[in-house]
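To start, the structure itself, in structure tokens.
The values are calculated or read from the model by the stated rules, or taken from the named source; none is laboratory data. Please read all numbers here as calculations on a predicted model, not as lab measurements. Glycine gets a Cβ as well: all are built from the backbone with ideal geometry, and neighbour counts include every protein chain shown.
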Amino acid sequence: MVAGESGLGKSTLVNSLFLTDLYKDRKLLNAEERITQTVEITKHTVDIEEKGVKLKLTIVDTPGFGDAVNNTECWKSVADYIDQQFEQYFRDESGLNRKNIQDNRVHCCLYFISPFGHGLRPLDVEFMKALHEKVNIVPVLAKADTLTPNEVKKKKIKIREEIEQYGIKIYQFPDCDSDEDEEFKQQDLELKESIPFAVIGSNTVVEAKGKRVRGRLYPWGIVEVENSAHCDFVKLRNMLVRSHMQDLKDVTRETHYENYRAQCIQSMTRMVVKERNRNKLTRESGTDFPLPAVTGGTDSETEKLIREKDDEVRPADHELESHQHQHGHSDQCDHSTEHHKLSHSQPEAETQPRVIKDEAL
């Protein structure tokens, strides 16, 4: 997932990362249209191949984020989308066909920070604090070619300090094992010090020193996208699709998804306990359903409907009880009459053989 306000180069960086053009049909909105635009969620699927391994990645974009005059809770649709993917996976995992589950969970969120200003803005802090328990956040310093190398270094330190100050939990790179070689440890240290990744995106090819490279041509020189001395683009790409892809998925599964799953199970348990207690109170009170509590003020539509139905059913219940009472009384009378008849006819049956016997004699 990529998130950040418009104009920070999110689309360009995605196209640069995966050497594709995912936004060829995109329509750019003017300032008036962006005021009323709401945050959308768009998905794109791209197939890439790394060292002979084919990967199918889903890119989730958030156009409209941070563009409105009032950006209160503009991250809510992003958080809802992440929760929806967790919920769908939880349903599939709890279903019958558990072998062929399609994993659409968001494993990484690249959050773009503006290079203009002094560190993080309030919107950046609120967004990352709202989502750091749901997804792996990787902060990205956008359009690093607008800053000098010394400015990039100072801004990275400032952003890391503010992330720690506000208690934001970004994605933490795993520590190296003690038996790793020194070169690998040095690369891991450089990767951790690169946070936030200072990136430059470009889809154009320019000629520099007799060779064609992807970059940007300026009057003072050429900025190469894939040159580690110019930006952290190569480090970010290797981290995403090579070295740390599996760890991003593992953290999502073992931490973020497990937290969501535990919350779901707890809420389901509370609902079951609440329902059992309600049924227990219903049985003890002897009513078919718990009577709604009458509070001061106007009743809700549900309570009114329950009372109306109760008034309709009560006369029918009384009529049914009286009918059953009358029917039971008539059955008792019929039974007593039948018993009386049988008691009167019994002596005749006993004297009948005597008459026959006297006649025979």
Q) How about segment 115-137: which of its residues are surrounded by 19 or more Cβ atoms within 10 Å (Cβ to Cβ) and in contact (Cβ under 8 Å) with a residue 60 or more places away in the chain? A) Phe127, Lys134, Val135, Asn136
Q) Going by the structure shown, is Val206 outside any strand (DSSP E or B), β-branched (Val, Ile, Thr) and touching a strand residue (DSSP E or B) at 6+ places or on another chain (Cβ under 6 Å)? A) no
Q: For Ile170, work out the one condition from (1) surrounded by fewer than 16 Cβ atoms within 10 Å (Cβ to Cβ); (2) assigned to a loop (DSSP other than H, G, I, E, B) it doesn't fulfil.
A: (1)
(Q) Take the residues in segment 143-181 that are among the hydrophobic types (A, V, I, L, M, F, W, C) and touching a strand residue (DSSP E or B) at 6+ places or on another chain (Cβ under 8 Å); name whichever of them is nearest to Cys231 (Cα to Cα). (A) Ala144
Q.
Against the definition (over 27 Å from Val46 (Cβ atoms), free of Cβ contacts under 8 Å to residues at least 60 places away in the same chain and not small (Gly, Ala, Ser)), how does Gln246 come out, yes or no?
A. no
Q | Enumeration of residues in segment 209-232 that are of a type in the set (Lys, Arg) and assigned to a strand (DSSP E or B) | A | Lys211, Arg212, Arg214, Arg216
Q | Condition check for Asp92: modelled with pLDDT of 85 or more, within 30 Å of Lys129 (Cβ to Cβ) and not β-branched (Val, Ile, Thr) | A | yes
Q: Tell me which of these Tyr171 doesn't satisfy, since it passes every other one: (1) closer than 23 Å to Thr252 by Cα; (2) over 32 Å from the mean Cα position of the chain (by Cα); (3) among the aromatic types (Phe, Trp, Tyr).
A: (2)
Q) If you scan segment 124-161, which residues turn out to be part of a loop (DSSP other than H, G, I, E, B) and out of contact with any Gly (no Cβ under 7 Å at 6 or more places or on another chain)? A) His132, Glu133, Lys134, Val135, Asn136, Leu147, Thr148
Q) Applying the selection to segment 49-89, what residues are more than 14 Å from Phe127 (Cβ to Cβ), in a loop (DSSP other than H, G, I, E, B) and either at pLDDT 75 or above or of a type outside the set (A, V, I, L, M, F, W, C) (or both)? A) Lys51, Gly52, Pro63, Asn70
Q | Where a residue in segment 228-241 is loosely packed, with under 15 Cβ neighbours inside 10 Å and its partner, wherever it lies, is of a type in the set (A, V, I, L, M, F, W, C), with Cβ under 7 Å and at least six apart | A | Ser228/Val234
Q) Can we say Glu164 is exposed (fewer than 14 other Cβ atoms within 10 Å of the Cβ) and within 27 Å of the chain's Cα centre (by Cα)? A) yes
Q: Can you tell me which residue among Asp103, Asp145, Asp83 is acidic (Asp, Glu), within 21 Å of Thr12 (Cα to Cα) and in contact with a Phe, Trp or Tyr (Cβ under 9 Å, 6 or more places away or on another chain)?
A: Asp145
Q.
Against the definition (among the hydrophobic types (A, V, I, L, M, F, W, C), under 20 Å from Lys134 (Cβ atoms) and outside any loop (DSSP other than H, G, I, E, B)), how does Val46 come out, yes or no?
A. no
